[in-house]
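Just below is one structure, and these are the notes that go with it.
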Amino acid sequence: MCYSNALRKQRENIEKELRDQIKVKFHPKSTYTPYYHLNGFTHGNLQIIPMKDPTTIYDASWGIIPDWAMDDPANFQKKSNTLNARSESIFEKASFKDSAEDKRCLILSDGFFEPHHINGKAHPYFCYQPSTSNLEGNVFVFAGLYNETHHNTLNATILTTQANDFFMEIHNKGKRMPLVLDPHYFEDWLDPGISSQEVNEIIAMGMTSKPFEAHPVSHDVYKRNVDTNQPYIVQPIQKDTLF
């Protein structure tokens, strides 16, 4: 499952890189600064493009909170892990079904972390789309869902799906991967007029065909209280085990 994310580029570079795919600007009140590791269990901010305003990038706390849990969100988050949503059941699960209908979003990333198991021990791997034009790799987007609190702040979850061949080798125990949308589906995913059947069709066909690479990184990413804007955590530690 995708519980750790990275977004290492400056605002203007993110907007510029996405320009050919979707024209967006950061919301003036966004607190975004580049980060190398965001641990989902700290419920820090992801950067999302929501259906309600598909031209703007907003901050959204990681971990969706459904309407029926708004009176006590802290207690809900203690009992429920909504950092990810299994795409196969978003229209069935109480935490996700309302947002699946009319609060879908795109979630920005340029890298994320997945566990690779060797002899029963999990080793974190950093996954990214390589780029010939910059060291950080490409910006890409996850398919996501979001909700809005009584105080007009946003929260979000990343959709996951069955792993393809590459991520089946990386995430060799859970055999899941985040749903990284092909740019062809960005506008459709944010379209309020599509049906649940069409949403499921995007989920089935929408995974990007752009290749990913991965390398092992420090086990510090498994410390639930660790977030960092420092690059050390994503440096390869074993050059001979690259995927």
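The figures follow:
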read-out	value
Flag if D240 is part of a helix (DSSP H, G or I), at pLDDT below 90 and not aromatic (F, W, Y)	yes
Those residues of segment 120-152 which are assigned to a loop (DSSP other than H, G, I, E, B), among the β-branched types (V, I, T) and in contact (Cβ under 8 Å) with a residue 60 or more places away in the chain, in sequence order	V139, T149
Count of residues meeting criterion [part of a loop (DSSP other than H, G, I, E, B) and closer than 13 Å to I48 by Cα] in segment 15-36	6
Single residue of segment 209-230 satisfying the filter (farther than 22 Å from F41 by Cα and in contact with a helix residue (DSSP H, G or I) (Cβ under 8 Å, 6 or more places away or on another chain)) that is surrounded by the most Cβ atoms within 10 Å (Cβ to Cβ)	A214
Residues of segment 101-132 satisfying the condition of being among the small types (G, A, S), closer than 26 Å to I202 by Cα and surrounded by fewer than 22 Cβ atoms within 10 Å (Cβ to Cβ)	S131
Qualifying positions in segment 59-70 - assigned to a strand (DSSP E or B), surrounded by fewer than 23 Cβ atoms within 10 Å (Cβ to Cβ) and of a type outside the set (S, T, N, Q)	D59
Residue within segment 181-197 that is surrounded by fewer than 18 Cβ atoms within 10 Å (Cβ to Cβ) and at pLDDT below 95 present	no
Filtered residue count, segment 71-105, keeping only those that are among the basic types (K, R), more than 21 Å from Q162 (Cα to Cα) and part of a loop (DSSP other than H, G, I, E, B)	1
Some residue of segment 174-189 being in a loop (DSSP other than H, G, I, E, B), on the phi > 0 side of the Ramachandran plot and free of Cβ contacts under 8 Å to residues at least 60 places away in the same chain	yes
Failed item, numbered, when T160 is tested on (1) surrounded by fewer than 24 Cβ atoms within 10 Å (Cβ to Cβ); (2) out of contact with any Cys (no Cβ under 7 Å at 6 or more places or on another chain)	(2)
Verdict on K52 being in a helix (DSSP H, G or I) and under 18 Å from T157 (Cβ atoms)	no
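For (1) on the phi < 0 side of the Ramachandran plot; (2) among the aliphatic types (A, V, I, L, M); (3) more than 17 Å from the chain's Cα centre (by Cα), each residue gets a yes or a no:
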site	(1), (2), (3)
L108	yes, yes, no
E114	yes, no, no
G120	no, no, yes
P124	yes, no, no
F142	yes, no, no
N155	yes, no, no
I158	yes, yes, no
M168	yes, yes, yes
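The values are calculated or read from the model by the stated rules, or taken from the named source; none is laboratory data. This is a predicted model, so every value here is computed, not measured. Positions of Cβ are generated from backbone atoms using ideal geometry, with glycine treated the same way; all protein chains shown enter the neighbour counts.
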